[in-house]
1. What residues qualify as long-range amide H neighbours of Tyr750, i.e. H under 5 Å apart, gap of 5 or more or another chain, H built at 1.01 Å from N?
2. Tell me, in nm to one decimal, what length is gained between Ala771 and Ala755 on full extension, where the rule is 0.36 nm per residue of separation less the Cα-Cα distance?
3. What is the Cα centroid distance between segment 612-665 and segment 204-242, reported in whole angstrom?
4. Which FRET efficiency value, to the nearest 0.05, do you get for Asn383 and Asn699 by plugging their Cβ-Cβ distance into 1/(1 + (r/R0)^6) with R0 = 56 Å?
5. Efficiency by 1/(1 + (r/R0)^6): what FRET value for Asn328 and Leu722, r their Cβ-Cβ distance, R0 = 35 Å, to the nearest 0.05?
6. Which order do Asp154, Asp410, Asp663 take when ranked by solvent-accessible area (1.4 Å probe, heavy atoms of all protein chains), largest first?
7. Report relative contact order for segment 631-719 in percent, whole number only (criteria: Cα-Cα under 8 Å, sequence separation at least 6).
8. Give me the percent relative contact order of the chain, please, defined on Cα pairs under 8 angstrom at least 6 residues apart.
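The values are calculated or read from the model by the stated rules, or taken from the named source; none is laboratory data. The structure displayed is predicted, hence computed values, not measured ones. Quick reminder, even Gly has a Cβ in these numbers, built from the backbone with ideal geometry, and neighbours come from all protein chains shown. The accessibility values were calculated without ligands, DNA or RNA, using every heavy atom of the protein model including side chains. Shrake-Rupley method; radii C 1.70, N 1.55, O 1.52, S 1.80 Å.
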Amino acid sequence: MTHSFKRFLPIWVSFTACAVILPSCEAPAPKATAVEAPKIQNAPSVNRNPALWPQPVSKVAKDPAMEKKIDALIAKMTLEQKVGQTIQPEIRSISLADIKKYHIGSILNGGGAFPNNNKLSKAGDWVALADSFYKASMQPAENGVAIPIMWGTDAVHGHNNVIGATLYPHNIALGAAHNPELMKKIGAATAREIAVTGIGWSFAPTIAVVRDDRWGRTYESYSENPELVKSYAGKMVEGLQGDANTADFLSANHVIATAKHFVGDGGTKGGIDRGNTDISEAELVNIHAQGYVTAIEAGVQTVMASFNSWQDERLHGHEYLLTDILKNHMGFDGLVVGDWNGHEFVSGCTKNNCAQAFNAGVDIFMVPDDWKLLYENTVAQVNSGVISQARLDDAVRRILRVKMRAGLFDSGAPSTHALSGKNEILGAVEHRAIARQAVRESLVMLKNKNQLLPIKAGSKILVAGDGADNIGKQAGGWSISWQGTGNVNSDFPGATSIYKGIADAANANGSKVTLSVNGDYQQKPDVAVVVFGENPYAEMQGDINKLDYASDKELKLLQKFKAQGIPVVSLFITGRPLWVNPELNASDAFAVIWHPGTEGAGVADVIIPNAKNKARFDFNGKLSFSWPATPEQTTLNIGQDNYTPLFAYGYGLTYADKNLLGDNLSESAQAAKKSAETLTIFKSRSVEPWQLGLTDDVNNTKPITASVLSLGALNYRAVDRLVQEDSIQLQWSGKAVASAGFVAKERVDYSSMPAQAALVFDVKVDKKPTADVKLIMSCGSDCGAEKSINDVLQKANLGQWQTLSVSMSCFSKVKLDMLLSPFTLSTTGELGLTLHHVRIETTPATSVQCP
């Protein structure tokens, strides 16, 4: 962010009245009590066919001597100690005293969670925290039992939560490389970097087979083809864990792997995250279960249950799939961990009460924050017989088996491990070389008119587009933060932007490179390279309605260059295939570079030749997902009937191939822009171009780049309402004036909104205000308006959600064609509230105008 909130927070002229409408309220969910023991609901009565499922044999066999040790330990454990092993809180929601008191067996750090809430934490900070957790878990109880804790992390494309780590291309890019052995190299390098921070468990690989690319996790999938996913899954597990039956298996160089999400996560109807996979059992097996075959054969030690349903039954509560199939039929003897509060979606369950999921086969509840009541309820349910002692012992046995196989009982504190704290391994040269290779091999060239690529040595090259020198954008989701948003280049030390890679390579062959994000130039270039595409996103927030790359900004830039007679190379950043016919027509060469991670120089390796004008590397990538011919081709997969893609599965040009694509692709789907009924500012996350930030009483400003942030008298935290971290919790201490608001880097044109529009937001008042609260809209330092919403907040019922609607006529002095901040809250007093969905509605249900 280049500007300060102080430009947008002057003392505006006050308005005397404005309607604030409360059309709906939502009461808080009642808390479960520790004595509740819900009845187990029977699964739907449908025909099941276990014979359809494969029976892989793990290379990691049970060790009789280890099993005897487990028997002896279980015999000594109390009920409370056993239940503690099944509870997995998040590091921000547990104390060291809690670990000892509740005998907690494992913890996790969610995306955007860091030691001391500091995203700039060093390896030593991670290790120190890991040590403290370990030492707390190893303080013997009265019966002498001490069980080492496990720490799990979402290292989905490298150790992506840690500053300085090597970030690899996302899985969709790796699928385009069609190189299973490369997956093993990536897994091994990632494991080493995880081990540096004292963590021993990775929630990877994702082995989803995505069938509808509207899903926001499409980029976490290697392919729509189950055979490719099958060929990758086992190799990635071997890389992370080491080869089974060797001394390297789960050694100090490796970590526990997790095959996820079992099962059918990529098959939901409409590509809806956490939706329903409504397919036959044969399709579930043949399409979505194939990756688990090789993962189990490779000895994967943990499997994560999926959020989705199969035939309307939630996987977290699906005994047939988790126990009868995965554990019994497929022979998986490791542990099943739930996903982030995934159990609460099971019929009859809440976040803190779910015997159904445990009885179905979930061995560890991932319950990030509200975990103590779940612990108490689970103890009560074992005592009452709702959960059998045998089922509890089975879960604990599986947890202990994984811990013993990983050597946790013998390896000591994390700080004593071989790689622990070695900063030089984070982003090590050899790891970056692997990542750069992965970038090179994943690039897919769709068009190369007049053999424009590779760009001739000695050329004048203009590099443009908002992705050119933007490492956060090229890294994508799950990069430092959960959604990959709020990052700047300095958050990726040692990384190389796409522009920097091009500049370095081009300078070496006698070319001259100029960076101009907006495409302006003083000297006409020989070629323009435009880097553009999707902004970062992750699960839930990345779902879309159709496969249309909707932005016209870059298209206008491409068309400008074309009109000026400048050959154009488009480098498209994306996490899924998208309809880009207009962009293809406006480009002479077009390559899909996916989200390449930190090693942007891998792009230049392919498109920039050496000084003798010879390509250093050819294009290797072939599509692992079919490319749509229209935005409506949302379920487009190899082998289906009526398969009519623009580019088929496996397509990808090399320099030896003749380009057959002209500039006349149909653009009939390029609908005329219409005024949207809703302009979203925040929905689960800040929606581009808006960025949430805090401002204190002396105009210091901090953009929100993590899930917890404090500035002056204001504290921010990302919290759950409906799904993970979909809401904004703000707490003003009253010590000084403080503000929280959404701002854009450049002016935004909302002038098409009709007069009856309203600023609408869902809010829950947690602490009523002690001073006036102002809602501010701004278009510059002398351009804005404010409205007090103090009265409506005072009248609100504490803890109840309500929807407030403020007429846009209250902000009539704001120039909507140059909007910089549509929503800012400011107060000098104490206040606590939570925001969920902030938007401007052009046709609100009710609205009363300001005078």
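1. Asp817, Met818, Leu819
2. 2.7 nm
3. About 20 Å separates the Cα centre of segment 612-665 from the one of segment 204-242.
4. 0.45
5. The formula returns an efficiency of 0.55 here.
6. Asp410, Asp663, Asp154
7. Taking the mean separation of contacting Cα pairs over the length of segment 631-719, I get 12 percent.
8. In percent, rounded to a whole number, it is 15.
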